[in-house]
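Here is the structure we will look at.
The values are calculated or read from the model by the stated rules, or taken from the named source; none is laboratory data. All of these numbers come straight from a predicted model, not from anything done at the bench. In this analysis, Cβ positions are derived from the backbone assuming ideal geometry, glycine residues included, and neighbour counts consider all displayed protein chains. To get the accessible areas, we keep the full protein, side chains included, count just its heavy atoms, and leave off ligands, DNA and RNA. Shrake-Rupley method; radii C 1.70, N 1.55, O 1.52, S 1.80 Å.
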Amino acid sequence: MTRYVIVGQGVAGATAAEKIRTLDQEGPLAVFSNEPEAFYYRPRLPEVISGQAGLKQITIHPQAWYDRNRIDLRLGETVTAIDPEARQVVTDRGGRHDYDALLLATGAHAFIPPVPGREKRSVLALRSHADALKIAARAREVKAAVLVGGGLLGLEAGAGLARLGLQVQVVEFFDRLLPRQMDRTGAAKLRRLLEAQGFLFYLGAKAREIVGGAEAEGLALEDGQTLPGGLILFSAGIRPNLDLAAAIGLEIEKGVKVDDAMKTSRAGIWAAGDLIEHRGRSYGIWPASKEQGEVAGTVMAGGEAAYKGTVLSNSLKVVGVDLTSAGDIDAEGKLESVVYEDEKSYRKIVLDQGRLAGFIFFGLTRGVKECQAALAQGLDVRPFQTALRERDFDFSKLT
């Protein structure tokens, strides 16, 4: 009987547990998490900040689900060491737990750059439910916030703060918003919409110092401006949690290196989620972690599965506007594209030798799923190239 241990219960770990139980209902399965909450939907944390949702509304698998599936969920218990020879994990509570198949799904942590003043109490980042509660509590005490980073999660968090009545100022190193998800045309359209909602933007800007005493009072920029704000929220990307993997000598470059079966360089140990590197790529997005967890759980339980990579796709819903981008958005204009644009919306279909290579849908949702499928297939869309310029193109023709 196989004994399973999963370290981490984000989407990769939780999905792996689901797959294991689908194939093996009897093997003992323990899941360890350093968070006190059962598996929840991390992308909805900005709604917790704004008060639009509580923990119950974002929880995916409550404790009862783990009980029903005979999964030993150890919340608030951190795995501090792994003994690969004895095939045991050691926790901060002094326990030693045997495994035959171990999954590392330790995820990542928010990165806060080494800006002077970062140690102040009101300098925060959003990664966990606990973070969201801290941000919401601080937001009730201040009138303005400075958001460092104009990425997806940052803008959504900013929208949550704006709903609480704060003045939100966004500092972005790049010269446009969402540089990985939007080209210049789309980014400019998004910026105008957010400015109409009260956001202030400082693009091509760099933080120099967080000013104030024990609590932050603002952010000084390298150009000499100082932006007032009693809450400084960093959205500057993530870094993988590699301590456990490094301590047992797993092969690591950008992340823990895994093969298509999500196996690491040590027998009996798999890895999935934000801490891994697969075929030279690290993803850091929910869909990729979910797919990796499915593969890892299947293989750990004796099934067959292979991870071939995930098409990069991101969605944002901020101040009521939908944005989805995927694949190669061709921000530099090197490829052919088919564009539809009006005052409020923007759709760009990128073609590489006639095949759908990427897309941006801003203010439009119809056709997203069909384009995602066509992108995965590398579909030749030349027969529809003229019609794709129409707002109401029938995307079912692509399936």
Subject >> Percent of Cα pairs exceeding the 17 Å cut-off, where the set is region 15-76 >> reply: 45 percent
Original post:
lysines within cross-link reach of K397: Cα-Cα under 16 Å, excluding same-chain residues under 8 positions apart?
Top reply: K369
**OP:** Would you kindly state how much longer the chain becomes between D260 and L133 on full extension, computed as 0.36 nm times their sequence separation minus their alpha carbon distance, in nm to one decimal?
**Re:** 42.0 nm
Subject >> Inter-label distance, nm, simple model (7 Å from Cα along the C-beta direction), R382/R184 >> reply: 2.9 nm
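Can you send over the carbon and sulfur percentage of the accessible area for region 1-82, probe radius 1.4 Å, protein chains only? Each step should come with its number before you reach the end.
Working: 1720 of 3520 Å².
Here carbon and sulfur together make up 49 percent of the probe-accessible area.
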**OP:** Taking a cut-off of 20 Å between Cα atoms, list the lysines near K344, but don't count ones fewer than 8 places away on the same chain.
**Re:** K189, K317
Original post:
Stretch S396-E215 to full length: gain in nm at 0.36 nm per residue minus the Cα-Cα span?
Top reply: 59.7 nm
**OP:** Compute the FRET efficiency between Q25 and D243 as 1/(1 + (r/R0)^6), taking r as their Cβ-Cβ distance and R0 = 35 Å, and round to the nearest 0.05.
**Re:** 0.60
Original post:
How big is region 208-287 on each of its three principal axes, counting only the C-alpha atoms and giving the largest first in Å?
Top reply: 53, 25, 20
Original post:
What is the mean projected area of the alpha carbon convex hull for region 263-338, to one decimal in square nanometres?
Top reply: 7.7 nm²
**OP:** Mind jotting down the distance between the C-alpha centroids of region 219-264 and region 131-177, whole Å?
**Re:** 19 Å
Subject >> E294, E119, E35, reordered so the largest accessible area comes first (probe 1.4 Å) >> reply: E119, E294, E35
**OP:** For T2, T22, give the ranking by accessible area with the largest first, probe 1.4 Å.
**Re:** T22, T2
Subject >> Reachable lysines from K206, criterion Cα separation under 21 angstrom, eight or more residues apart if same chain >> reply: K120
Original post:
Counting only residues 5 or more places away or on other chains, whose amide H sits under 5 Å from the amide H of E217 once H atoms are built in the peptide plane?
Top reply: V211, G212
**OP:** Mind grabbing the accessible area of R192 for me, 1.4 Å probe, Å², rounded to tens?
**Re:** 130 Å²
Original post:
For the peptides 209-221, 229-241, what is the packing order when you average, over each peptide's residues, the other Cβ atoms within 10 Å and list the highest mean first?
Top reply: 229-241, 209-221
**OP:** Can you figure out the FRET efficiency of K369 with R70, using R₀ = 25 Å and their beta-carbon distance, to the nearest 0.05?
**Re:** 0.10
Original post:
Tally Lys and Arg at +1 and Asp and Glu at -1 over the other residues with C-beta under 12 Å from the C-beta of G378: what net charge comes out?
Top reply: -2
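How big is the charge dipole of the chain about its Cα centre, in debye rounded to the nearest 20, if each Lys and Arg gets +1 on its Cβ and each Asp and Glu gets -1 on its Cβ?
The dipole of the chain has a size of about 620 debye.
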Original post:
How are the Cα pair distances of the chain distributed, in percent, across 10 Å bins from 0?
Top reply: 5, 21, 27, 26, 17, 4, 0
Original post:
At a probe radius of 1.4 Å, what is the per-residue accessible area of R127, in Å² to the nearest 10?
Top reply: 50 Å²
Original post:
At a probe radius of 1.4 Å, what is the per-residue accessible area of I252, in Å² to the nearest 10?
Top reply: 60 Å²
Original post:
Over the chain, what is the relative contact order in whole percent, taking alpha-carbon pairs under 8 Å and six or more residues apart?
Top reply: 15 percent
**OP:** For region 167-266, take the alpha-carbon Rg, divide it by the Kirkwood Rh, and send me Rg/Rh.
**Re:** 1.15
